[in-house]
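Take a look at the structure below.
The values are calculated or read from the model by the stated rules, or taken from the named source; none is laboratory data. This is a predicted model, so every value here is computed, not measured. For neighbour counting, all protein chains shown are included, and Cβ atoms are generated from backbone atoms with ideal geometry for every residue, glycine included.
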Amino acid sequence: MLKASDLFVAALENEGVERIFGIPGEENLDLVESIRRSSIQLVLTRHEQAAAFMAATYGRLTGKPGVCITTLGPGALNLATGAGYALLGAMPMIMITGQKAIRSSRQARFQIVDVIATMKPLTKLSRQIVSPTMIPAMVREAFRVAAEERPGPVLLELPEDIAAESCEETALIPAHPIELPVASTESIERAARLIMQAQAPLLMLGAAASRPRSSSDLATFVLRTGIPYFTTQMGKGTVPGGSELYMGTAALSERDYVHEAIERADLIVTIGHDTVEKPPFLMGAKGPKVVHIGYEPAHVEQVYFPQAEVVGDLGPSLRQLADRVEGNIPNAQALLPLREGILSRIAARATEDRFTPQRLVHDVREVMPADGILALDNGMYKIWFARNYRTQVANTLLLDNALATMGAGLPSAIMAANLYPGRRVMAVCGDGGFMMNSQELETAVRLKLDLVVLIIEDRAFGMIRWKQAVDAFPDYGMTFDNPDFVTYAKAYGATGTRVESVGELRPTLEKAFTDGGVQLVVVPIDYSENKRVLVDELQQRLPIQKEA
């Protein structure tokens, strides 16, 4: 005989779980004891939301579901933002929540919330375990559903009386590989004809192209076709930068310099595009034809309605399509002459002696190796990093362009540093987003991580303040004061440094990585470039009008 909680943890071990993030409660104590006696590490966080961000980032980086744990009621509800983050970002994650006993009601309705119903719109599957004998099947199903396309979060609720119940040993269900369907020959042939006939083809690499299993096939496809490409924000890094075919990243929906290529294209082949991302370009009546290549059919939107689709496992689909078109695309590089002009204008003023976003991105890129991981929170700087930060390795720029929540940058970086201790990892956070989960500095210090946290300080919710100004509203309700971040870091046992001059930024970051441990670096920002570049300069670049 064994406890149901032991069986549950054995099922997690059977799935290869190595670490669980979260804050347990009274209703999880049997489960916590079972974890203590297992091979799984319990990583205690300081807020449940951060635990969900960490678990989701584990899923994003590995392709395997990350796992987080909370108690009932308030603890479980604190997972909601993390669940939305994983659902919209297509990150596989398992959330385990506790609950009061379901066979008695000694505490009446105290702390009880219908978590299953609450989480249904935010998960792929949300279920309560009511019998120990169900555990092996329900855990196996949860991991399968979380990881299958399209990946996302799954919730399992384990009530305290079920967890404590004695039960017979029940055979676990081994995982088995599931091959994704392959696109039909007809759809590949249709796409091939459009590509070969195109006068100015262009590739777009989207969020789903960054799945860990997709990168090598995607890079090979780009090289075999020779067609220039641009990326969405979450598609950055999916193809090594040495191809010399990269045209830029669509950080805005229109008018940016990369849109010069988009507007001249007569065919855009989108690979792994997910319409949860802010639109990288807007389709219209006179726009280019679009071929959608993805794990799933396209979601037709007002601004995205492809004329052809290749649906199936990306790897085999791209290999078969490359076999058909390689050497047969006469106008493959028709748009490539635009590349130098686009990239040079995006990189302009990157070495000015001011704390501009361009200079900030430039100096950060200089200290990060090709495999270094940058985890961005959400703020105005995200647009600048998306436009200006060049990537060469997949999943080395972790940003959220789906839910686009603040507060995720530091927990995501903690997960990356925990997973890849030999690589440089940096969190880039605005002062607003940083303070939403700044307590996780203690988690990073306790885990003895090597992690640099760059805080961009403007004492305001900068992106909304910028939009407020662009829309000609008065400057109101967006500014605040900060603690002394250097002292704040020291209070957690981390090291804090304030950069006073532009020339200090790069050597300060380099020293922070060399010294190791948790390093907090605070830098001011001159956001006057937001209006000069992203409004005034880009408004002067009128979209190209195509003939009807």
Among (1) modelled with pLDDT of 95 or more; (2) part of a loop (DSSP other than H, G, I, E, B); (3) basic (Lys, Arg), which single condition is Arg150 missing? (1)
So Val361 ticks every box in (1) buried (at least 20 other Cβ atoms within 10 Å of the Cβ); (2) in contact (Cβ under 8 Å) with a residue 40 or more places away in the chain; (3) assigned by TED's automatic domain parsing to the domain that holds Ala417 but one. Which box is left unticked? (2)
Do you know which of the residues in segment 488-514 that are touching a strand residue (DSSP E or B) at 6+ places or on another chain (Cβ under 7 Å) and without any contact (Cβ under 8 Å) to a residue 24 or more places away in the chain is surrounded by the fewest Cβ atoms within 10 Å (Cβ to Cβ)? Lys490
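So which helices (runs of 4 or more DSSP H) are wholly in segment 434-492 and hold at least 2 residues that are farther than 26 Å from Asn78 by Cβ?
Passing ranges, in order: 462-470, 485-491.
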If the Cβ limit is 7 Å and pairs must be 6+ apart or interchain, which residue in segment 308-331 that is not assigned by TED's automatic domain parsing to the domain that holds His292 pairs with which residue that is basic (Lys, Arg) and in a loop (DSSP other than H, G, I, E, B)? none
List every residue pair whose Cβ atoms lie under 7 Å apart, where the two residues are 6 or more positions apart in sequence or sit on different chains, the first residue falls within segment 413-437 and is free of Cβ contacts under 8 Å to residues at least 60 places away in the same chain and buried (at least 24 other Cβ atoms within 10 Å of the Cβ), and the second residue, located anywhere, is among the aromatic types (Phe, Trp, Tyr) and part of a loop (DSSP other than H, G, I, E, B). Gly432/Phe461
For segment 59-85, give me the residue count where each residue is surrounded by 24 or more Cβ atoms within 10 Å (Cβ to Cβ) and under 30 Å from Arg109 (Cα atoms). 9
If we ask which residues in segment 17-36 are free of Cβ contacts under 8 Å to residues at least 12 places away in the same chain and not in a helix (DSSP H, G or I), their number turns out to be 0
Against the definition (of a type outside the set (Phe, Trp, Tyr), assigned to a loop (DSSP other than H, G, I, E, B) and buried (at least 24 other Cβ atoms within 10 Å of the Cβ)), how does Met91 come out, yes or no? yes
Do we find a residue being farther than 18 Å from Ala417 by Cβ and part of a helix (DSSP H, G or I) anywhere in segment 52-66? no
Quick one: would you say Pro177 is out of contact with any Ser or Thr (no Cβ under 9 Å at 6 or more places or on another chain) and outside the structural domain of Gly98 (by TED's automatic domain parsing)? yes
Just a yes or no: is a residue in segment 227-239 in a helix (DSSP H, G or I) and either over 30 Å from Asn530 (Cα atoms) or touching a residue at least 60 places away in the same chain (Cβ under 8 Å) (or both)? yes
What number of residues within segment 94-111 satisfy the criterion of being assigned to a loop (DSSP other than H, G, I, E, B) and of a type in the set (A, V, I, L, M, F, W, C)? 4
Would you please list the contacts, defined by Cβ atoms under 7 Å and residues six or more apart or on different chains, that run from a residue in segment 201-224 that is without any contact (Cβ under 8 Å) to a residue 40 or more places away in the chain to a residue that is assigned to a helix (DSSP H, G or I)? Val222/Ser243; Leu223/Ser243
